[in-house]
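The values are calculated or read from the model by the stated rules, or taken from the named source; none is laboratory data. Values in this document were obtained by computation on a predicted structure and should not be read as measured data. Here the Cβ positions follow ideal geometry from the backbone for every residue, glycine too, while neighbour counts run over all protein chains shown. We work out accessible area using only protein heavy atoms, side chains counted, and drop any ligands, DNA or RNA first. Shrake-Rupley method; radii C 1.70, N 1.55, O 1.52, S 1.80 Å.
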Amino acid sequence: MPTLDPTLAEWLPKIHTLAEQAKAAGIEPTPISAREGLASLTRQFVDAGPDMTIKDFVIPGGAYQVPVRTFLPQQASGGPVIVYVHGGGHMAGSVTVYDPICRRIAEICQRCVVSVEYRRSPENPYPAGLADLNQVLENFAPTLSNRDIAHNSQVILMGDSAGGALCATLCARYQHRADSPILGQILVYPSLDYTMGHQSYTENGRGHLLEVEKIRWYFQNYFSRGEERVQASPLSMPVSVGLPPTLVFTAQFDPLRDEGHAYVEKLRAAGAQAWLHNFDDMIHAFLNLEQLAPSACSTLYQRTADFITQLLSDQ
């Protein structure tokens, strides 16, 4: 039987106790506390990433100008760029919070990373974030060219948690388009089924950092207009052999584990290329806990780089 990493097993009860004390004191979660909590956790456990050229600008094309940050390692070549879509329950996370993570991805892949500051709930509920990512995909090429960033008009989508949901949704929408810029997708412990009906919610929904109660609250804020959650779930969307090659990372002690596994099975059944890497001793959001899970983070970054190398060699 898989066992939780000993360092995480020692740390998690302390976090759970603090959360229970806050709940007993009548402290209710808010978007501010969710955003500050993820930012604080990441600052505490993820050191600043490697030095490289950083450029901040916006991607035009709609009523909302989408802010992005590009990470350019010194040896970066042209070709596909990595478009990174951060996690945070569609409510928390930001380009700034994920800056050190994107630096690591850019460095190990030696490729430009475009990190997207999409709009979040509850101020901007579903489908604002999807519209923002779509705008980036439609308009990134001329915007990067105007800033002398080399590329070949192709992207590799990469996202964690809620960001993974946005990536998978856009891949489903683009799968039959001859002009699709999406060369591949990498999903890190993705949220793919908004119905919350999988067994891993029961197994891992308490005491493993990401609580079922918190997930339900995130989704209530995201789908604040009564949208149909089944139709919005990437796991429920039709897929075909036209879906780009996909790598999915899951964590054994994550409530979202089973939907990641089900997604890979669905893609394979449709004839699409899909690979699964499950971390047997990890929890959700371990990239934001690097000092507690250095080996797992290192493996994920290296596996990402290897996947992209193989993807490019197969073209």
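Our Cα-only numbers for the chain put the radius of gyration and Dmax at 18.4, 57 Å. Accessible surface ranking for E259, E117, E123, E107, 1.4 angstrom probe, highest first: E123, E107, E117, E259. Under 17 Å from a point placed 7 Å out from the Cα of S295 along the Cα-to-Cβ direction: which residues of the range 5-35 have their backbone N that close? So the set is 5-11. Each semi-axis of the equivalent ellipsoid for the range 276-315 is √(5λ) with λ an eigenvalue of the Cα gyration tensor; in descending order they amount to 24, 10, 7 Å.
With the charge dipole of the chain set up from +1 on Lys and Arg Cβ and -1 on Asp and Glu Cβ about the Cα centre, the Cα lying farthest toward the positive end among the listed residues G129, N139, P80 is that of N139. The alpha carbon centroids of the range 102-150 and the range 28-90 are separated by 8 Å. Pairs of Cα atoms in the range 143-267 fall into 10 Å distance bins, from 0 up to the last occupied one, in shares of 13, 41, 30, 13, 3 percent.
Give me the orientation-averaged projected area of the Cα convex hull of the range 119-213, in nm², one decimal. Could you put the intermediate results ahead of the total?
Details: hull surface 31.9 nm².
Projected over every direction and averaged, the Cα hull of the range 119-213 covers 8.0 nm².
Largest first, the residues E10, E138 sort by 1.4 Å accessible area into E10, E138.
Solvent exposure of the chain, expressed per residue, is 41 Å² of accessible area, with all protein chains present and a 1.4 angstrom probe. Taking the C-alpha atoms only, the angle from helix 128-146 to the longest principal axis of the chain is near 30 degrees. Surface composition of the chain: carbon and sulfur make up 50 percent of the accessible area, probe 1.4 Å. Placing a pseudo-label 7 Å from each Cα along the Cα-to-Cβ vector at K23 and N139 gives an inter-label distance of 4.3 nm.
The peptide list 215-225, 171-181, put in order of mean Cβ contacts within 10 Å with the highest first, becomes 215-225, 171-181.
Helix-only arithmetic for the chain: the sum of -39500 (n - 2.57) across DSSP H runs with n ≥ 4, divided by the residue total, places the mean residue ellipticity at 222 nm at -13000 deg cm²/dmol. As a calculated quantity, the FRET efficiency between R43 and S77 at R0 = 30 Å, using C-beta atoms, amounts to about 0.45.
Run through every distinct alpha carbon pair of the range 78-148 and return the Kirkwood hydrodynamic radius in angstroms, one decimal place.
13.0 Å
In the complete set of protein chains, residue-level accessible area for I32 is approximately 110 Å², probe 1.4 angstrom.
State to the nearest 20 debye the size of the charge dipole of the range 1-112 about its Cα centre, where the only charges are +1 on K and R beta carbons and -1 on D and E beta carbons.
Details: 9 positive and 10 negative charges, 52 e Å.
Computed charge dipole of the range 1-112: roughly 260 debye.
What does the charge count around P29 come to, taking other residues whose C-beta lies under 15 Å from its C-beta (Lys +1, Arg +1, Asp -1, Glu -1)? Walk me through the intermediate numbers first.
On the way: positive: K23, R35, R120, K214, R216; negative: E20, E28, E36, E211, E213.
Result for the local shell: 0.
How large is the Rg to Rh ratio of the range 173-216 when both quantities use alpha carbon positions and Rh follows Kirkwood? Working shown, then result.
On the way: Rg = 15.4 Å, Rh = 13.2 Å.
Rounded to two decimals, Rg over Rh is 1.17.
Protection proxy ranking for 144-151, 68-75, 236-243, using the average of other Cβ atoms within 10 Å per residue and placing the highest first: 68-75, 236-243, 144-151.
Helix 294-313 versus the longest principal axis of the chain: what angle, 0 to 90°, nearest 10, using Cα atoms? Taking the Cα atoms of the chain, the angle to 294-313 is about 30 degrees.
Suppose R0 equals 22 Å; then what is the FRET efficiency for E227 and T202 from their Cβ-Cβ distance, rounded to the nearest 0.05? Walk me through the numbers on the way to the answer.
Working: r = 25 Å, r/R0 = 1.14.
The value I calculate is 0.30.
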